[in-house]
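Colleague: Below is the structure I would like to discuss, written out as structure tokens.
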Amino acid sequence: MQKTKRLALLCLLLLASVGSAMVVQATGIMPRFGNIEKAEINIQSASVTLLLTAEDRQKIMDIVLMSPQIQELLEGADNYTIEVSEVFDINEVSFDVNEGVSGGVELIPREGVAQAIITINNDYGEEFGVQVITVTVDLEKEEITETEVNPEIRKPKVIEDALSPSELVQNPSEYDGAVVTVSGKVSLLGEVFGYLFMLDEKVTVFYRHEEADVDVSNIENGDTVTVTGRFSSPDTVYALKIDEVNPETDVPEVEDDVQPPSETDQDSSEYDDAAESDEVNPEIPVPNVDEAVLSPSELVQEASNYDGVVVTVSGKVSLLGEVFGYLFMLDETVTVFYVHEEATVDVSNIENGDTVTVTGRFAAPDTIYATRIEKN
């Protein structure tokens, strides 16, 4: 029984990670992230094969959105999202020493069957409501075979109680979309591309985005701060306010019999750590610039080869101006940031659907920090 539950949970997690999503608002349908090509994904001991094409996914959404029952449920909704994915059967692969086959799980998609998950979001002033609808579609008959409508769950827009990063990521669905307050130690500030840092190495905090531009000039790595902002599951906060915690009042006192390390000990420890780091992680030379023009698919397929390299990639724009942050997608495969610490690139002449050529530094597995964008 426990094994069955674990396999079912793995299936649900994989379905959530490989589905393609679309955001639907009053202005129309907005494509989101999704790999529409046939591919095989190996996740440790699990193997997943994707069968749905872009045409299949569009057909599924058309079938679902044309349903009178779904139209009635969506009437009056502030906004909603649709995630389309395959429906999988679970096949447990046994361990075979002679054949050299390791044990694991194989997820086999059912041909001609797909699932659409609709998430409805409503604004109720101090609260917001979330309702999930699961629709199973028979592609061959082009009809809905099952619809599961879950009751709406209302959540407060603002969580008054202060949380730790661990509490936040352990229950992300409970806080998703709400304004939260979280305290933790800062790391990676100024050490990675983008206007972000980490809290307790668990939560990513964006301090510059479409809703706010928060000053972090008085904050350093190692500081303890309290961040108030909108939480996006599973682990991201878009900061609206950042307060530094006063170390004199918030750091616990050291007991009399515990002596802090001397400067000599600290220097020696840092030297030892550095020496150990040099031994374990030798420098691997990589080219600074790759002059070939790549497709988004080629880039992500060889992500480790291009990590940290200035690349040029061409593709179709989507999500521009439709999500938090100064970013858009290329061929729904690569994320492009056009405002970051190295550059601010003008995109006023670019629209969703345009084909552009982007030059910028690539960060594996799928992000480019643009330094130049040209419309084709």
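The values are calculated or read from the model by the stated rules, or taken from the named source; none is laboratory data. These numbers come from a predicted model, not from an experiment. FYI the Cβ positions are ideal-geometry reconstructions off the backbone, even for glycines, and counts take in every protein chain you see.
Colleague: Consider Ser262 carefully, then state whether it is modelled with pLDDT under 90, of a type in the set (Gly, Ala, Ser) and loosely packed, with under 10 Cβ neighbours inside 10 Å.
Modeller: Taking the combined requirement at face value, the residue satisfies it.
Colleague: Same structure again: Are any of the residues in the stretch 303-325 outside the structural domain of Ala54 (by TED's automatic domain parsing), in contact with a Ser or Thr (Cβ under 6 Å, 6 or more places away or on another chain) and at pLDDT below 90?
Modeller: As a first pass, look at the stretch 303-325 and keep what is outside the structural domain of Ala54 (by TED's automatic domain parsing): 303-325.
Narrowing the set further to residues that are in contact with a Ser or Thr (Cβ under 6 Å, 6 or more places away or on another chain) leaves 312, 314, 316.
Then drop every residue that is not at pLDDT below 90, which leaves none.
Among the residues of the stretch 303-325, not one is outside the structural domain of Ala54 (by TED's automatic domain parsing), in contact with a Ser or Thr (Cβ under 6 Å, 6 or more places away or on another chain) and at pLDDT below 90, which makes the answer no.
Colleague: A further question follows. For Asp215, which of the numbered conditions (1) out of contact with any Lys or Arg (no Cβ under 6 Å at 6 or more places or on another chain); (2) outside the structural domain of Met66 (by TED's automatic domain parsing); (3) in a strand (DSSP E or B) fails to hold?
Modeller: All conditions are met except number (3).
Colleague: Exactly one of these conditions fails for Val137: (1) part of a loop (DSSP other than H, G, I, E, B); (2) crowded, with 21+ Cβ neighbours inside 10 Å; (3) β-branched (Val, Ile, Thr). Give me its number.
Modeller: Of the numbered conditions (1) part of a loop (DSSP other than H, G, I, E, B); (2) crowded, with 21+ Cβ neighbours inside 10 Å; (3) β-branched (Val, Ile, Thr), the odd one out for Val137 is (1).
Colleague: While we're looking at this one, here's another question. For the stretch 171-195: of the residues being closer than 27 Å to Tyr326 by Cβ and among the acidic types (Asp, Glu), which is surrounded by the fewest Cβ atoms within 10 Å (Cβ to Cβ)?
Modeller: The selected residue is Glu191.
Colleague: For residues in the stretch 140-170 being assigned to a loop (DSSP other than H, G, I, E, B) and among the acidic types (Asp, Glu), which is surrounded by the fewest Cβ atoms within 10 Å (Cβ to Cβ)?
Modeller: Glu140
Colleague: Here is a list: Gly321, Gly353. Which entry is surrounded by fewer than 18 Cβ atoms within 10 Å (Cβ to Cβ), more than 21 Å from the chain's Cα centre (by Cα) and at positive phi? Lay out the reasoning, then the answer.
Modeller: Details: Gly321 fails: more than 21 Å from the chain's Cα centre (by Cα).
Result: Gly353 is the single residue among Gly321, Gly353 that is surrounded by fewer than 18 Cβ atoms within 10 Å (Cβ to Cβ), more than 21 Å from the chain's Cα centre (by Cα) and at positive phi.
Colleague: Hey, another quick one. Does the stretch 102-118 contain any residue that is modelled with pLDDT of 80 or more and assigned to a helix (DSSP H, G or I)? Steps first, please.
Modeller: If we filter the stretch 102-118 for residues that are modelled with pLDDT of 80 or more, which is where we start, we get 110-118.
This time we only want the ones that are assigned to a helix (DSSP H, G or I), so: none.
No, because not a single residue in the stretch 102-118 is modelled with pLDDT of 80 or more and assigned to a helix (DSSP H, G or I).
Colleague: Within the stretch 58-85, track down each residue that is charged (D, E, K, R), surrounded by 16 or more Cβ atoms within 10 Å (Cβ to Cβ) and closer than 27 Å to Gly129 by Cα.
Modeller: Within the stretch 58-85, just Glu83 meets the criteria.
Colleague: In the stretch 363-376, what residues are modelled with pLDDT of 90 or more and either over 16 Å from Val345 (Cα atoms) or loosely packed, with under 15 Cβ neighbours inside 10 Å (or both)?
Modeller: Arg372, Glu374, Lys375 - these are the residues of the stretch 363-376 that are modelled with pLDDT of 90 or more and either over 16 Å from Val345 (Cα atoms) or loosely packed, with under 15 Cβ neighbours inside 10 Å (or both).
Colleague: Additional query: Among residues belonging to the stretch 176-211 that are among the charged types (D, E, K, R) and not in a loop (DSSP other than H, G, I, E, B), point out the one that is nearest to Glu152 (Cα to Cα).
Modeller: Among residues in the stretch 176-211 that are among the charged types (D, E, K, R) and not in a loop (DSSP other than H, G, I, E, B), the one nearest to Glu152 (Cα to Cα) is Arg208.
Colleague: Let me ask something additional. Looking at Ser173, is it closer than 22 Å to Asn79 by Cα and either at pLDDT 90 or above or not in a strand (DSSP E or B) (or both)?
Modeller: yes
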